[in-house]
Structures are given as C-alpha cells and as structure tokens.
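Take a look at the structure below.
No value in this document is a laboratory result; all are computed from the given coordinates. What you see is a predicted model, and the numbers here were worked out from it, not measured in a lab. Glycine also receives a Cβ, built like all others from the backbone with ideal geometry; neighbour counts cover every protein chain displayed.
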Amino acid sequence: MLSRPLRRGLAALLFPVVALATPAPITAAPLAPTLAPLPDKLVVLTFDDSSASHHAVARPVLKRHGFGATFFITEGFTFKTNKRDYLTWEQIAELHRDGFEIGNHSRDHLGITEKTVPRLAEQLTAIADRCREHGIPAPVSFAWPGNRFHVSALPVLAAAGIRFARRGGEPEVPYAVGGGVAYEPHVDHPLLIPTTGDARPTWSLDDVKKAVARGGPGKVIVLQFHGVPDGEHPWVNTPRERFEDYMAWLAAEKFTVIAMRDLARYVDPSVAPADPLAVMERRKAAASAR
Ligand SMILES: [Zn+2]
C-alpha cells in the first residue's frame with residue numbers, strides 16, 4: 001500500500017498488489033491511512049462446512065440482530081447428494097444476496113499439508129467458479145479445512161485473491177478443548193488468523209463468554225461454528241437453542257459482529273510478519289511460562 005511504509009519479506013512476496021475495499025475519504029491527506037480504528041468489542045463470525053442449518057437457522061437469527069458473518073463453503077462430505085444436511089447453491093446465493101460473505105473452504109475439504117498444497121489452486125478455483133455461476137463474487141476469505149495449515153500454501157492463497165484466512169486454535173491451544181486465542185491484526189499473518197473459540201456440543205453460554213474474554217484492546221474475537229445444528233459433524237454440533245442464546249448475548253452486550261472480509265475496514269491485509277509462525281511460538285512460550 002502506498003499509504004503505509006514499505007513492507008519487507010513475505011508481505012512483499014505474497015501481496016505484490018493489494019487494494020483495500022474501503023475507499024479513501026475524499027478529505028484524507030494523500031498518504032493518510034484509510035483504516036478505521038479497531039472497535040473494542042469486535043467479533044468475526046464464521047460458519048464452516050455448508051451446513052443446511054446455516055440457511056434454515058443461522059440466517060434468520062443473524063438478520064434479526066443485524067450481524068455479519070462468513071459462510072465457508074465446501075462441496076466435500078455428502079454435499080452433492082445429502083440436501084437434508086447441506087446447503088443448496090441456491091441457498092448459498094441467497095445468503096450472499098442477504099449481504100453475508102461466501103468464503104472458500106476448498107471443493108473437497110482438502111486437508112492442507114506440504115504434500116497436498118499442489119492441489120490447492122484447483123480446489124480454490126472450483127469453488128470460485130461455482131460462486132460466479134450463481135452470481136456470487138469469487139471469495140476473498142478462506143478457512144483452512146480441518147484447521148490444518150502449511151506455510152507453503154500462503155502464496156497459493158494470495159495468488160487466488162484470498163486476503164484473509166482463518167485457522168483453528170492450534171498450535172497455541174489443543175484442538176480437543178475448542179479454545180483458541182484472539183486475533184492480533186498486523187501481528188498475526190492475515191492468512192493465518194487464529195480461531196478464538198471453536199464451538200462444541202458441550203459448550204454453554206459460559207464458553208462463549210470465556211472465548212470473548214480472550215479479547216481486549218487491539219484484538220479481535222474470531223468465532224468458529226459448524227452446523228447449528230450439524231447433522232453430519234456431531235463433534236462440532238451446536239444445538240439451535242444454544243446458538244440463539246449465544247447470538248442474543250452478543251447483541252445484548254453490543255458487540256460489532258462482522259464477516260471476515262470486513263476486517264479490511266480495520267486491517268491492512270498487506271501487512272504480514274516475515275515469519276508467520278513466530279507469533280504462535282511466542283504465545284506458546286508465554287503460556288508455558290505461566
Ligand atoms: Zn471444515
């Protein structure tokens with residue numbers, strides 16, 4: 001970005017040209033930053049795996065509260081044949097027309113390892129093509145399938161036009177507990193945004209409150225949901241009533257709840273650390289020192 005100091009290392013490699021969606025105010029000085037200040041109570045709300053409940057249950061609840069959200073779409077699992085448990089593309093297009101973000105979760109829910117990275121570009125293109133066929137723009141956000149990530153995939157995501165990508169709570173927090181850490185913009189790599197809370201069937205409102213308590217000034221809460229409820233992924237199921245309670249609490253507490261793409265109002269996606277893994281190691285070291 002011209003409005004910011006020259007970036008080094010990976011940033012230059014991964015993001016040769018990146019334009020922010022937020023237009024510069026007319027009154028701004030030519031080189032002034034265009035980013036809005038980070039709200040204190042900011043939640044990025046994400047839903048994975050194309051569950052039919054995202055349309056039937058989440059959609060009306062989110063619309064009622066005026067919340068944004070990203071739905072990460074994959075055609076993996078039994079998406080093609082099982083329309084009791086999975087969205088149709090017409091429903092996905094309706095979520096887009098409602099103003100929600102449609103994100104990319106790879107065609108086949110491809111677990112990303114060093115070995116599978118060569119298959120990633122085609123997996124991303126397949127979902128982007130299906131989006132365009134249904135009048136949805138090509139996704140600019142991605143969720144790592146199964147929360148598995150590998151740094152060698154970062155240039156592939158950037159080349160596909162992905163600006164923000166979400167991982168799980170690992171490696172800072174073990175998967176089993178559904179926890180995570182708050183996202184620190186301009187500290188975390190924008191393509192390795194951590195999950196702060198990963199909803200599980202055992203969760204109650206207290207777990208949502210715990211996840212949200214991991215935030216603070218300069219930090220963003222990133223919540224990961226699957227189906228609400230989820231027919232085919234019972235280990236990440238959230239019952240409808242509890243989901244409704246969680247969202248009602250976020251609304252009552254006056255959180256700003258947005259889709260992942262809308263981070264671009266507050267975060268420059270061209271700012272990336274030279275070593276994307278260093279912040280994770282720092283957090284692990286800090287946690288074990290406590
Ligand atoms: Zn998934």
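So what is Rg over Rh here for the chain, counting just Cα atoms and using Kirkwood for Rh?
0.94
Within the set of other residues whose C-beta is less than 11 Å from the C-beta of ALA36, count the net charge using Lys and Arg as +1 and Asp and Glu as -1.
0
Please list, in order along segment 79-84, the HN-Hα scalar couplings obtained from phi with the Karplus expression 6.51 cos²θ - 1.76 cosθ + 1.60 (θ = phi - 60°), rounded to whole Hz, x for Gly and Pro.
With coefficients 6.51, -1.76 and 1.60, one gets 3, 5, 10, 9, 8, 6 Hz.
Given H placed 1.01 Å from N in the peptide plane, which residues other than close sequence neighbours of GLY103 have an amide H under 5 Å from its amide H?
Here the answer is PHE71, PHE72, ILE73, since their amide H atoms fall under 5 Å of that of GLY103.
Could you compute the net charge surrounding LEU263? Neighbours are other residues with a C-beta less than 14 Å from the C-beta of LEU263; K and R count +1, D and E count -1.
With Lys, Arg at +1 and Asp, Glu at -1, the net is 0.
With labels modelled as points extended 7 Å from the Cα through the Cβ direction, what inter-label distance (nm, one decimal) is found for THR125 paired with ALA56?
3.6
Figure the gain on full extension for LYS254 and ALA286 (residue separation times 0.36 nm, minus the Cα-Cα span) and round it to one decimal in nm.
8.4 nm
³J(HN,Hα) across segment 187-195 via Karplus (A = 6.51, B = -1.76, C = 1.60, θ = phi - 60°), whole Hz, x for Gly/Pro?
These are the phi-based 3J(HN,Hα) values: 10, 6, 5, x, 9, 9, 6, x, 7 Hz.
Roughly how many nanometres apart are two label points built 7 Å out from the Cα toward the Cβ at LEU277 and ALA159?
2.2
Please list 3J(HN,Hα) in residue order for segment 258-263, calculated via the Karplus relation 6.51 cos²θ - 1.76 cosθ + 1.60 where θ = phi - 60°; whole Hz, with x for glycine and proline.
So the Karplus estimates, Gly and Pro as x, are 10, 7, 4, 4, 6, 4 Hz.
Can you show me the helix-derived [θ] at 222 nm for the chain, built from DSSP H runs with n ≥ 4 at -39,500 (n - 2.57) apiece and divided by the number of residues, rounded to the nearest 500.
-7500 deg cm²/dmol
Taking the Cα centre as origin and putting +1 on Lys and Arg beta-carbons and -1 on Asp and Glu beta-carbons, what dipole magnitude results for the chain, to the nearest 20 debye?
About 500 debye.
What does the charge add up to near ARG59, with Lys and Arg as +1, Asp and Glu as -1, over the other residues with Cβ less than 15 Å from its Cβ?
Around ARG59, the surrounding residues sum to -1.
Within segment 215-241, name every residue whose backbone N is under 18 Å away from a label modeled 7 Å from Cα of THR81 along the Cβ vector.
Only 231-233 pass the distance filter.
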